[in-house]
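Structure first, then comments.
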Amino acid sequence: MKYSQRIVSLSESITIAISSLARELKAQGRDILSFSAGEPDFDTPKAVKDEAIKAINAGFTKYTAVSGIPELKQAICEKLSRENNLHYDTNEVIVSNGAKHSLFNIFAALINKDDEVIIPAPYWVTYPELVNYYGGKNIIINTNDKTCFKITPQQLRENLTHKTKLLVLNTPSNPTGSVYSKEEIQALAEVLKDTNVWVVSDEMYEKLLYEGEFCSVASVSDDMLERTISVNGVSKSAAMTGWRMGYCASKDKKLIKLMDNLQSQCTSNINSITQKASIAVLNGSIETEIQKMCHEFALRRNQAVELLNAIDNISVITPQGAFYLFVNVGLIQKDSMKFCTELLEKEGVAVVPGEGFGMGSYFRFSFAADMQTIIEGIKRIKHFVDCSS
């Protein structure tokens with residue numbers, strides 16, 4: 001049988017693959033500590049669950065408008081205005097089944113064969129796969145821990161061509177936790193002036209910030225507002241990964257309409273109950289719970305960074321946001337797939353190889369786990385490294 005070349009070329013998400021393997025080993029009775037999942041270990045706040053129950057009891061279980069119910073889209077617009085100084089109308093917003101679905105729609109609507117998409121590495125695993133799927137060409141800009149994994153204006157300028165269609169920015173970043181400052185975004189914006197390059201700004205970890213202030217990419221200038229598609233959601237900040245709600249906003253109404261058309265032919269609207277519940281996140285009702293979660297993440301981050309940096313030949317920079325550490329093991333093993341596989345087999349610790357993020361001598365460690373588990377996990381990593389020396 002012959003399958004679509006597009007689907008054959010698509011790889012499984014390495015983060016999902018590692019998490020699945022860890023679950024399998026655990027089901028076999030192995031003592032597995034997993035730091036591979038990209039989701040908070042906290043429960044969804046009660047206020048959100050209450051709104052969902054209210055929606056169920058009210059019979060709000062039917063189809064809705066493809067792009068989202070009006071009150072949810074209005075809540076998104078008000079959130080973006082209040083918190084990000086971004087002003088959109090409801091017809092400039094579309095709600096999808098998680099931010100991954102939002103990105104799928106965006107890339108489908110914009111990428112033609114051989115269009116170039118600039119992606120800083122390390123990158124979230126899905127970006128280059130979507131570019132490949134739609135026939136585009138990935139232009140990867142490599143960074144390192146010396147620059148806190150952020151691209152410079154010079155790097156951006158050197159990689160722009162007449163074929164450049166998109167620049168993808170992720171701040172705070174998965175997998176590094178790096179955050180672009182307002183000044184850094186402005187410097188990149190200067191390079192993009194007088195070009196036709198779109199910017200996709202993935203801001204899913206916006207609320208999980210430990211130092212400094214968050215700056216939305218589209219907010220730095222009118223020019224950036226016009227060219228930027230802002231992507232966000234409630235999965236990470238409100239511990240709602242399974243609820244599947246993401247959204248994007250663009251001043252290009254035709255782009256939003258094209259994505260609406262696409263979504264109408266595949267998934268249609270997202271879960272009706274999730275839509276009602278998400279309003280409680282966007283209107284600020286659970287800010288106290290988010291702050292408590294963020295405070296706990298900061299404590300875990302500090303402990304994990306200290307313990308990992310105490311291990312010989314391992315280093316990690318302190319991330320400003322998200323809940324990941326991108327750990328450099330290049331002095332021990334350039335092949336992080338080999339490092340991570342052996343670590344899982346010998347010590348029962350699951351972390352994600354850097355290859356999936358475009359950098360081979362690193363691994364991603366999620367500190368979305370309780371403190372005791374983090375301490376025990378890093379203790380096992382130390383034992384593995386000591387025994388490998």
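The values are calculated or read from the model by the stated rules, or taken from the named source; none is laboratory data. None of the values given here were measured: they were computed from a predicted structure. All Cβ positions, glycine included, derive from the backbone under ideal geometry; neighbour counts span all protein chains shown. Just so you know, the surface numbers come from the protein's heavy atoms only, side chains and all, with ligands and any DNA or RNA stripped out. Shrake-Rupley method; radii C 1.70, N 1.55, O 1.52, S 1.80 Å.
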Checklist entry - Of the residues that make up the stretch 24-36, is at least one open to solvent by less than 70 Å² (accessible area, probe 1.4 Å), touching a residue at least 60 places away in the same chain (Cβ under 8 Å), outside any helix (DSSP H, G or I) and farther than 15 Å from VAL349 by Cα? => result no
Item to check | Which listed residue, of THR44, THR90, is surrounded by 14 or more Cβ atoms within 10 Å (Cβ to Cβ) and more than 30 Å from ARG364 (Cβ to Cβ) | outcome: THR90
Checklist outcome for this item: Among (1) modelled with pLDDT under 95; (2) within 23 Å of the chain's Cα centre (by Cα), PHE363 falls short only on (1)
Next on the checklist: Exactly one of these conditions fails for ASP115: (1) open to solvent by 20 Å² or more (accessible area, probe 1.4 Å); (2) free of Cβ contacts under 8 Å to residues at least 40 places away in the same chain; (3) over 19 Å from the mean Cα position of the chain (by Cα). Give me its number.
Outcome noted: (2)
Checklist entry - modelled with pLDDT of 95 or more, more than 27 Å from PRO319 (Cα to Cα), open to solvent by 10 Å² or more (accessible area, probe 1.4 Å) and of a type in the set (S, T, N, Q) - does that describe any residue in the stretch 136-153? => result no
Checklist entry - Across the stretch 53-86, what is the number of residues that are among the polar types (S, T, N, Q), assigned to a loop (DSSP other than H, G, I, E, B) and either without any contact (Cβ under 8 Å) to a residue 40 or more places away in the chain or at positive phi (or both)? => result 1
Item to check | Failed criterion for THR288 (all others in (1) in contact with a Ser or Thr (Cβ under 9 Å, 6 or more places away or on another chain); (2) open to solvent by 50 Å² or more (accessible area, probe 1.4 Å); (3) farther than 22 Å from PRO70 by Cα hold) | outcome: (1)
Next on the checklist: Need the failing condition index for LEU344 against (1) modelled with pLDDT under 95; (2) closer than 27 Å to ASN138 by Cα; (3) surrounded by 21 or more Cβ atoms within 10 Å (Cβ to Cβ), just the number.
Outcome noted: (2)
Checklist outcome for this item: Within the stretch 171-205, residues within 20 Å of THR318 (Cα to Cα), open to solvent by 20 Å² or more (accessible area, probe 1.4 Å) and polar (S, T, N, Q) come out as SER181
Item to check | Residues (open to solvent by 10 Å² or more (accessible area, probe 1.4 Å) and either assigned to a loop (DSSP other than H, G, I, E, B) or under 18 Å from VAL200 (Cβ atoms) (or both)) located in the stretch 258-282 | outcome: LEU258, ASP260, LEU262, CYS266, THR267, SER268, ASN269, ASN271
Checklist entry - Is it the case that LYS254 is over 21 Å from the mean Cα position of the chain (by Cα), surrounded by 21 or more Cβ atoms within 10 Å (Cβ to Cβ) and of a type in the set (D, E, K, R)? => result no
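For (1) out of contact with any Asp or Glu (no Cβ under 7 Å at 6 or more places or on another chain); (2) more than 28 Å from MET245 (Cα to Cα), each residue gets a yes or a no:
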site: ALA121; (1), (2): yes, no
site: LYS137; (1), (2): no, yes
site: ASP145; (1), (2): yes, yes
site: ARG157; (1), (2): yes, yes
site: THR171; (1), (2): no, no
site: ILE185; (1), (2): yes, no
